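The values are calculated or read from the model by the stated rules, or taken from the named source; none is laboratory data. Everything quoted here is computed from the prediction, not taken from an experiment. We place every Cβ from the backbone using ideal geometry, glycine too, and count neighbours over all the protein chains shown.
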Amino acid sequence: MARCFGSMMVCGAIAARSPCATRYSLTQREGGCVIELSASQPFAGLHLPFSHGATRLSAIVPARMTMIAPFPGKTEALVKLLGGFPAPGEVFEPHLRLVWAGREQALAFGEGLPDGLETCASLNDQSDSWAGAILEGEDAKAVLARLVAMDLRALPAPSSARTMLGHLPLLLVKESEAEFQLWTYRSMAGSLKNDLDQAMRSVAARRAVT
């Protein structure tokens, strides 16, 4: 059972023996204490950016991300409102950045969705659902070759692909031959960082002895 002490809340079982506590706000609801929550970045505490050899990994500052899926029979109306809709693998920016993210789905980055869009498409705010990182440098493709079962040389730039990075679901956006955006679910940010860290170290070590 939790008990309130001044501006702190502690578990009754440890209140007498532990100085540790969780802050709570002065707002009380149903006789209890409301814990203060603060927003954090997906890669908070994971020490990005960092570099190994000829590659660098940095976090993408989260922006508004909206998943758009047209209703049946409404694709033409959707295209008129957006100025287009990405085909499989396509990335384009008619008014805002649209990235193909799956069958009849696109991720819109940024604000400014046109009025009336909700009448022809399902709109799902996923701003807090994704963790995005940029892998860039001369050896970026060599690093990803150890983790992604795709020939990234065959992808044009810019383009997107749904694939896997090791065991992680991945939305990959190829910005150039030496820059890739890597998006996975927010809960998997630590695994994404660790897998890339290991691959970057391996590629850097191999380059150092050749």
Note on the stretch 103-122: residues without any contact (Cβ under 8 Å) to a residue 40 or more places away in the chain and either under 20 Å from G89 (Cβ atoms) or of a type in the set (G, A, S) (or both) are R103, E104, Q105, A106, G112, G116
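Determine whether R146 is touching a helix residue (DSSP H, G or I) at 6+ places or on another chain (Cβ under 9 Å), basic (K, R) and either outside the structural domain of E104 (by TED's automatic domain parsing) or surrounded by fewer than 17 Cβ atoms within 10 Å (Cβ to Cβ) (or both).
Values: touching a helix residue (DSSP H, G or I) at 6+ places or on another chain (Cβ under 9 Å): yes; basic (K, R): yes; either outside the structural domain of E104 (by TED's automatic domain parsing) or surrounded by fewer than 17 Cβ atoms within 10 Å (Cβ to Cβ) (or both): yes.
Here the answer is yes, as R146 does meet what is asked.
For the stretch 159-182, state whether one or more residues are of a type in the set (S, T, N, Q), closer than 16 Å to P42 by Cα, in the same structural domain as F109 (by TED's automatic domain parsing) and surrounded by 13 or more Cβ atoms within 10 Å (Cβ to Cβ).
Let us first name the residues in the stretch 159-182 that are of a type in the set (S, T, N, Q), namely 159-160, 163, 176, 181.
Narrowing further to those that are closer than 16 Å to P42 by Cα: 181.
Those still in the list that are in the same structural domain as F109 (by TED's automatic domain parsing) too: 181.
Now narrow it down to the ones that are surrounded by 13 or more Cβ atoms within 10 Å (Cβ to Cβ): 181.
Scanning the stretch 159-182, I find at least one residue that is of a type in the set (S, T, N, Q), closer than 16 Å to P42 by Cα, in the same structural domain as F109 (by TED's automatic domain parsing) and surrounded by 13 or more Cβ atoms within 10 Å (Cβ to Cβ), so the answer is yes.
Please specify each residue of the stretch 111-132 satisfying the condition of being part of a loop (DSSP other than H, G, I, E, B) and either loosely packed, with under 14 Cβ neighbours inside 10 Å or not assigned by TED's automatic domain parsing to the domain that holds P158 (or both). It would help to see each step written out before you state the result.
The first filter runs over the stretch 111-132 and keeps only residues part of a loop (DSSP other than H, G, I, E, B), leaving 111-116, 120, 126-129.
Those that are part of a loop (DSSP other than H, G, I, E, B) and either loosely packed, with under 14 Cβ neighbours inside 10 Å or not assigned by TED's automatic domain parsing to the domain that holds P158 (or both): E111, G112, P114, D115, G116, S127, D128.
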Every listed condition ((1) among the hydrophobic types (A, V, I, L, M, F, W, C); (2) in a helix (DSSP H, G or I); (3) buried (at least 20 other Cβ atoms within 10 Å of the Cβ)) holds for V79 save (3)
